[in-house]
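Here's the structure, in structure tokens; my notes come after.
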Amino acid sequence: MSGTIIVGLFLLLMLTGLPIAFSMAIPAGVYMLVNQIPISTVIQRMVTSLNSFPLLAVPMFILAANLMNNSGITGRLFDFTKLLVGRLRGGLAQVNVVASLVFAGISGAALADIGGLGNIEIDAMRKQGYTMEDSAAITAASATIGPIFPPSIPLIIYAAAAETSSMRLLMAGVVPGLLITAVLMIQVAFFARRKNWPRGIEGKWKKGEVFDIVKRGLPAMFMPVILMAGMLSGWFSPTEVAAMAITYAIILSAAYKTLSIKGLVKVARETLVSTASVLFIVASAAIFAWTLTVEQLPQQISTALLGFSSNPIILLMLTNVLLLIAGMFLETTAAIMIFTPILLPTLTAAGVNPVHFGLVMVFNLMIGMLTPPVGMSIYMLSPISGIPVNKLFRTVAPYLIPLFIALIALTYFPAFSLWLPNLLYGVRG
Amino acid sequence: MRRIVSTLCDAFQKLSVAFLAALCLSVFAQIILRNVFSAGSVVLEELARFSLVSLVFLMIPSLTINKQQIIVDFVVNRLPGGARRAVEALCHLLSAASSVFLIFAIALIMERNWSIRTPAMRMPNYLFYLPVALGIALNVLAALDRMIGAFAKREDAK
């Protein structure tokens, strides 16, 4: 049973609607039976893959984001960002982008951004006369910042799969996160002129209004500051930063009197669903990737790619195309777990830094969340906005242009991702 | 069968909430121990990792019964009603069969290594794997229940 058959069986099972985790576990199990490998290896590898300290950050960051959403803290963040960029033309569209950056500093997942901020952003934009299509498209596009700017759940999962430093990876996301924000803001400014979008805030502030917004929003704005400071200073590991985020979110919720014990249990249950659905895939992908390694599929792909070219620029271009296509069909976690062991050895052999490649991979897959047929962000935004999925895919399309520009910059200028981690922790090959 | 599975899923979910709390408190306690008392605890770290493994596997049947597993359904959704239900039923059967396979794999580990203890908490293997086995075992029932539901054209909770 070759690696190609294993991958083919996985794709077939996945397309029948079998849960992705089982779609990966079944070919691995069949492979072991056929090759008379002890089947206890299956469950041992699944459990070992989850028995990891870095992965503890995943449920904790999800919990922190859910706490912020359910306590109304997200709304305060949105109001605060209005102060920063609301006066620009197309102010609320700009606020949408900047609020996603701030929320990215707390949550680390695109879907958490859409779930938490989506309603607030779309409602506010609709009230100012934006079309539902424009409001939803900007919300979807700006959600791609979440998994790039630290903390980031996909980057933590990549770090586990690539066995590389999660701290370096998270820090590597800072500049790219700011870059994506900048290109989206330029695109929004362009549309604001062309479509004559209003300023977010007209006229003068009422007496005490600014003070009130600052008072309401500033403690919430401290959350990303605390997380970044904790990581930059080296006081906390990403996992410990996640614990601090939860503690701070609970303190804020208690101070704002917005969270009850019943609410806390509801938030915990939501967290469990998101965590288990993602990490069950991680567990199954561990055994799936192991069978591919035993079958030497990564080596075969490496030989084929390096035979074609050993130029890192060409290899990265091929990888971009492959990952963009993969992102159109595969769920992010599954794609990371499958493609990391396959592509990373080839790219590192060609001189690509694994931290740089992690950023490139995750951003490719995030763009895939906005494209058909498996655009998870679009599927989540469709019921919120009431726009059919097919129409929403078309509406988001113009925002892919700045995202592609950012992708090209991130891919071919490694300094965007490597400058900060190299500055903080020294240069590493 | 649906009522039994739902009750057990609910119980497992409550247990998972407890594991999530244990996970968060363990990591938080470690931060306090390290930064305030300059001491670390391998027991707390192992407890946190055990909690993560346990909560993921205990939640699997809930994901199955509530249609919360991550799937790719754009192909199946294009099939006519009868064919779609048949494919769905087949998928649930495959989920149940692979869960049985995983239980068998756990049984093989336990046969030889049931008493081996974890390094820090000294927890025997059978206890470490208990939540894993329970979650997968209940998933067999959950998947079979969904399979019956697909044949009976039952509308499941989403």
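Radius of gyration and Dmax for the protein assembly as shown's Cα atoms, expressed in Å?
23.5, 77
Would you list which lysines come within 17 Å of residue A:204, measuring only between C-alpha atoms, while excluding same-chain residues fewer than 8 positions from it?
Hits, sequence-local ones excluded: A:82.
Roughly how tilted is helix A:415-425, in degrees to the nearest 10 and between 0 and 90, from the longest Cα axis of chain A?
90 degrees
How big is region B:94-158 by the Kirkwood estimate over distinct Cα pairs, in Å?
Its Kirkwood hydrodynamic radius stands at 13.4 Å.
Would you please put B:7-14, A:162-169 in order of how densely packed they are, using the mean number of other Cβ atoms within 10 angstrom per residue and starting with the highest?
Highest mean packing first, the order is A:162-169, B:7-14.
Loop-only check: which trypsin sites (Lys or Arg not before Pro) in region B:34-89 are DSSP coil with at most 15 other Cβ within 10 angstrom?
For trypsin sites (Lys or Arg not before Pro) across region B:34-89 that sit outside H, G, I, E and B with at most 15 neighbouring Cβ atoms in 10 Å, the list reads B:67.
To the nearest 10 degrees, how steep is helix A:354-368 against the longest Cα principal axis of chain A, on a 0 to 90 scale?
Once rounded, one gets 70 degrees.
Taking every Cα atom in region A:355-415, find the radius of gyration and the maximum pairwise distance Dmax, and write them in Å.
Gyration radius and largest Cα-Cα distance of region A:355-415: 13.2, 41 Å.
List the trypsin sites (Lys or Arg not before Pro) in region A:1-88 that DSSP assigns to loop (not H, G, I, E or B) and whose Cβ has at most 16 other Cβ atoms within 10 Å. Which are they?
Passing both the DSSP loop test and the Cβ count: A:87.
Mind ordering A:129-140, A:33-44 by average Cβ neighbours within 10 Å, highest first?
So the order, starting with the most tightly packed, is A:129-140, A:33-44.
Please report the equivalent ellipsoid semi-axes of region A:303-429, computed as sqrt(5 x eigenvalue) of the Cα gyration tensor, largest first, in whole Å.
One finds semi-axes of 29, 17, 13 Å for region A:303-429.
Using +1 on the beta carbon of Lys and Arg, -1 on that of Asp and Glu, and nothing else charged, what's the dipole of region A:220-375 about the Cα centre, debye to 20?
Value, rounded to 20: 480 debye.
Which angle between 0 and 90 degrees, to the nearest 10, do you get for helix A:153-162 versus the longest principal axis of chain A when only C-alpha atoms count?
Orientation of helix A:153-162: about 20 degrees from the principal axis.
Between their Cα atoms, which of A:127/A:266; A:207/A:262; A:391/B:153; A:266/B:153 are more than 32 Å away from each other?
A:207/A:262
Just so you know, all these numbers are worked out from the coordinates, no wet-lab data involved. Everything numeric here is computed off the predicted structure, so don't read it as measured data. All Cβ positions, glycine included, derive from the backbone under ideal geometry; neighbour counts span all protein chains shown.
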